[in-house]
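Just so it is clear, none of the values below were taken in a lab; they were calculated from the coordinates. These figures come from a predicted structure and were not determined experimentally. Using ideal geometry, Cβ is built from the backbone for each residue, glycine included, and neighbour counts are taken over all protein chains shown.
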Amino acid sequence: MVDTSSHVRRSGGGIGAIYRFWKSLDWPLRIALALLLVFVLVAVLGPWITPHDPLKGYLRARLLPPAWRDGGDWSYVFGTDRLGRDILSRIIAGARISLTVCVLVIAIAGVLGTMIGTVAGYFGGWCDRVLMRLVDLALSFPVILLALLLAAISGPSFTNIIIVISLTLWSQYARMARGETLKIRNEDYVDLARTSGLSDLAIIRRHILPNIAPALIVIATLQVGIVIVLEASLSFLGVGVPPPAPSWGSMVADGRSYIASAWWLCMMPGSAIVITVMAVNLLGDALADRINPALRGRNI
Amino acid sequence: MFRIAAIRAIEALIALLLMSIVIFLLSRVTGDPVALLLGDGATEADKIKLTQDLGLDQPIIAQYLTFLSNALAGDFGRSVTAGNQPALHLIMARLPASLSLAGVALAFTMVVGILFGVIAAVRHNSIIDFAARLIALIGQSVPSFWLGIVLMYVFAVQLGWLPTSGYGQWQHYVLPAATLGLFTLAAITRLVRSSMLEALGSEYIKLARVKGLSERVVIWKHALVNSLIPVVTFMGTFFAVMITGAVIVETVFSWPGIGRLAYESILARDFPVVQAVVLVITSLFIIANLLVDILYVVIDPRMRSRG
Amino acid sequence: MTVSETLPLLDIRSLSVRLGAGPGSPALIESIDLKFRAGETLGLVGESGSGKTTLGMALLRLLPPLLNRGLSGQMLYQGEDIAQMDQAGLTRIRGGEISMILQDPMASLNPIFTIGNQLKEGLRLHATQNGSLEERAIAALESVRIPSPKARLHNHPHQMSGGMRQRVVGAISLTRAPRLLIADEPTTSLDVTIQYQFLELLKDLQKRASMAMLFITHDFGVVAKMCDRVAVMYAGQIVEQGPVREIFRHPKHWYTSALLDSVPTLDQALDRLPTISGSPPAVAARPQGCRFHPRCPNARAKCLETPPIAEIAPAHDVRCWFPLDGKRGAA
């Protein structure tokens, strides 16, 4: 077994550390990590590496099959959609949308949830009780309803989708942050800081947050897949990222009615979602195992 | 025990009230119901009349109280598009289809998920365990809208074994229920597997074996009942997942339930119906959570003696 | 000498438990030979990690799967080999013939079910007695001196104190009148007065049912109180065994002697209590030859060879090239 907690902290350790880390992974994890790197790279480089304009259609090249099928064209590797837009380019642009949503949602939900959870755990009492009932409620509230409502009122928008998904996911951080804070709240060093006159805010910032960070990082990792699926699902329903932006979910929705004649419209973006989410989930589980085995299987 | 149930019930009522306020505020503050209802071609006089008819010229508190008392009386307004029917009628007509689909999916996932989780834990690191872990990974990674389309393509379009859509016979349930259930199946399998592994390593399992009980009793009574407690705690979440899934699955398979009603109402900008669906589902959801809380107390005797 | 000629109740022959099936896997316990006679109490003493609990678990085949695959040797219970038994045989032996009180009585009761439910499960398997299940369950609680047993049947474990729970565990372990009871440090998690009460109770129950007992402990004081014979374990092997009095007066193994010296007695000031230098080796790092030699004050070159078990006095075996001579406590 490899030294358990080192892999998050070792991030700045140079080539040797990266090599040791790579060696400590088994094959499924290596593939997953490679896929994740491809996803991030593609998302970041998006506009510079798309072979065609993801938004512009070429009516003469409508519904072209993938290049390896009869009638395919190697300049459109994954084929084209009903407006003649290149599917590969749209998938690349979709990766950028997915990643942006992930980063924003996890940042917002993470900060909000951590704040609420830490406050509840640190101060306890009625404050804890009220906040935790709120968490219980939010933890199992069907997000999609909120999204539908917001979309019905103000139409689908990028901001709405960020708000909706953040509102669903903050509670997991809150619950974890509270539990971890409770564990260390009465440690000697926290008491010492308190008696030496440090303010509550300073104690939370200097002593509590650094100690609960690893557990929160695990939650964040486990949430990446959830965010991608939620964003795709909402966009599929037409209440997520508004068209013509090529979200993976709306691409599947576009291709739905062509499933019998042009299967690649659905299959290509769908496979992109499945492969990315599976890779992220595999890595998340592995990270959770290393940082805190008790989390495994308890995170839905 | 009754005290806990009473406290939970009061909390549920407060949650319902909070939800109604949120939904009310969302509908009145962020949007303009008059513009929504009348559309673009309305005259100024129409707008003023409708504003008065809807009571929108009154103070917001009074508006909320009217909204609440109407809602309690089952009046959620009338559909803008579907022949001006009361929104509640539309929902009630669609509810059985949704509940039966969710019921079939939940029953299927509970039975299969628990079986799978138990066997995977008992045969730890065997082929079955590997298969269970794979299913858990796939179930949590494949979005239901895509799964539904793929299943429909393979089993209905290509193989022709099952209908692509429709409602009424048992064949119609297979694909939507499988799609709706896969995520929960994966979650329950994972949960049961990990808590069974924990239980099987516990001292009370050793004592049960020391007593000379058969493996059947040790596993299916002593270990499983303890492992079901975390499953019960997650029932509320599963219910939420089912509702979220229902909107998607009903849309994919053209299932005549309230999920699809919500979706269609949004496309038609039929705001009273959307609002009513959200309120009804939220109430169902809060009631379900209340039942889960009470079930939890019934199952776990340690909860019972807490004040 | 007549006692040793009767057929042993349980005869353990060269029992080993390894981490996995291969003969090269590191052994948790190795080449254990032990005999139990009916009604006798054997103390099994050693530091934590010496393999005492593994031995107890092996006797009921309750080892985790990996260790179960690494089990070899024989455990002959009245001629039947427990090591070769199938599931049906094991469920017959467990509880009915050999039973066990576990190390952590606080965690040994299932939190979900009532005391009565958990008692009756065992009673149902023991069909020879008269009376209803309910009456027998009450009688079982009475036998471990639990007050108002009838009401207690409907309690859940969390509603009882530690000492009370442990009596219930005792009652459950003894419901089917086993002929051998394994008690694995049954009192370590209890406070001292309750420990004493429970040991008294156990001794009393044993006398009434004339059952044999394997008493696993790290405490020589408890051994003196409870046991007829004692076996000392070190690093997975039995290094010395014999009658309690004999071992106390004339320990032959240097380890036994050191252990005895570290037991506090009333006339010794606590700050001058001798301890054994070093700590027991980890399973994978056990030394060649005599396992104790790196910590032994009398180690010599010969100790790098594995010493055989030798009967040094009647019914007193020791595994040492240079056993101690003379009486203990002269210093």
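Which whole number in µm²/s is D for chain A by Stokes-Einstein, with the Kirkwood Rh taken over Cα pairs at 10 °C and 1.306 mPa s? Show your work: numbers first, answer last.
Numbers: Rh = 21.3 Å.
The calculation lands on 75 µm²/s.
Can you figure out the FRET efficiency of C:SER279 with B:ALA131, using R₀ = 60 Å and their beta-carbon distance, to the nearest 0.05?
Values: r = 44 Å, r/R0 = 0.74.
For R0 = 60 Å, the calculated efficiency reads 0.85.
What distance in nm separates the two pseudo spin-label positions at C:SER14 and A:ALA202, each 7 Å out from Cα along the beta-carbon direction?
7.1 nm
Given a Förster distance of 51 angstrom, what is the FRET efficiency for A:ILE275 paired with B:ASN70, based on the Cβ-Cβ distance and rounded to 0.05?
Values: r = 49 Å, r/R0 = 0.96.
My answer for the efficiency is 0.55.
Quick one: putting +1 on the C-beta of Lys and Arg, -1 on the C-beta of Asp and Glu, what dipole do you get for segment A:36-148 around its Cα centre, in Debye to the nearest 20? List each step's numbers first, then the result.
Values: 10 positive and 7 negative charges, 52 e Å.
Here the size comes out at about 260 debye.
How big is D, in µm² s⁻¹, for segment C:61-202 by Stokes-Einstein at 4 °C and 1.567 mPa s if Rh is the Kirkwood radius over C-alpha pairs?
80 µm²/s
Wrap a convex hull around the Cα atoms of chain B, take a quarter of its surface area, and give that in square nanometres.
If you wrap the Cα atoms of chain B in a convex hull and average its projections, you get 20.6 nm².
Just the Cα atoms of the protein assembly as shown: what Rg and Dmax do they give in Å?
Considering the protein assembly as shown through its Cα atoms, Rg and Dmax are 34.5, 118 Å.
May I ask you to give the average projected area over all directions of the convex hull of the Cα atoms of chain C, in nm² rounded to one decimal? All intermediate terms of the calculation are to be shown ahead of the outcome.
Values: hull surface 73.0 nm².
With the hull built on Cα positions only, its mean projection is 18.2 nm².
In degrees from 0 to 90, rounded to the nearest 10, what is the angle of the helix A:27-49 Cα long axis to the longest principal axis of chain A?
So the inclination is approximately 70 degrees.
In whole Å, what is the distance between the alpha-carbon centres of segment C:33-51 and segment A:236-274?
Here the two parts' Cα centres lie 70 Å apart.
Describe numerically, in nm with one decimal, the distance between label points set 7 Å from Cα along Cα→Cβ at B:ASP53 and at C:GLN84.
Computed distance between label sites B:ASP53 and C:GLN84 equals 9.3 nm.
Rounded to the nearest 500, what is the 222 nm mean residue ellipticity of chain B from helices alone, with -39500 (n - 2.57) per DSSP H run of 4+ residues and division by all residues? Could you put the intermediate results ahead of the total?
Details: 14 runs with 222 residues, N = 307.
So the calculated ellipticity at 222 nm is -24000 deg cm²/dmol.
With +1 on each Lys and Arg Cβ and -1 on each Asp and Glu Cβ, and nothing else charged, work out how big the dipole of the protein assembly as shown is about its Cα centre, in Debye to the nearest 20. Each step should come with its number before you reach the end.
Numbers: 83 positive and 66 negative charges, 224 e Å.
Magnitude of the dipole: close to 1080 debye.
Calculate how many DSSP beta bridges within the protein assembly as shown are antiparallel, expressed in % of all such bridges and rounded to the nearest 5.
Working: 28 of 47 bridges.
So the antiparallel bridges amount to about 60 percent of the total.
Nearest 10 degrees is fine. How inclined is helix A:158-184 to the longest principal axis of chain A, computing both from alpha carbons?
Here the helix axis deviates by roughly 30 degrees.
Please work out the Cα convex hull volume for segment A:30-120 and give it in Å³ per residue. Don't skip to the end; give the middle numbers.
Values: hull volume 11.5 nm³, N = 91.
Once divided by residue count, the hull of segment A:30-120 is 126 Å³.
May I ask for the angle, rounded to the nearest 10°, between helix B:87-122 and the longest principal axis of chain B, with both axes built from Cα atoms and the value confined to 0 to 90°?
That helix lies at roughly 20 degrees to the long axis.
Quick one: grab Rg to one decimal and Dmax as a whole number for segment A:184-290, Cα atoms only, in Å.
Answer for segment A:184-290, Rg first and Dmax second: 22.0, 73 Å.
In debye, nearest 20: dipole of segment B:141-256 around its Cα centre with unit charges on the Cβ of K, R (+) and D, E (-)?
Values: 7 positive and 4 negative charges, 97 e Å.
My answer is approximately 460 debye.
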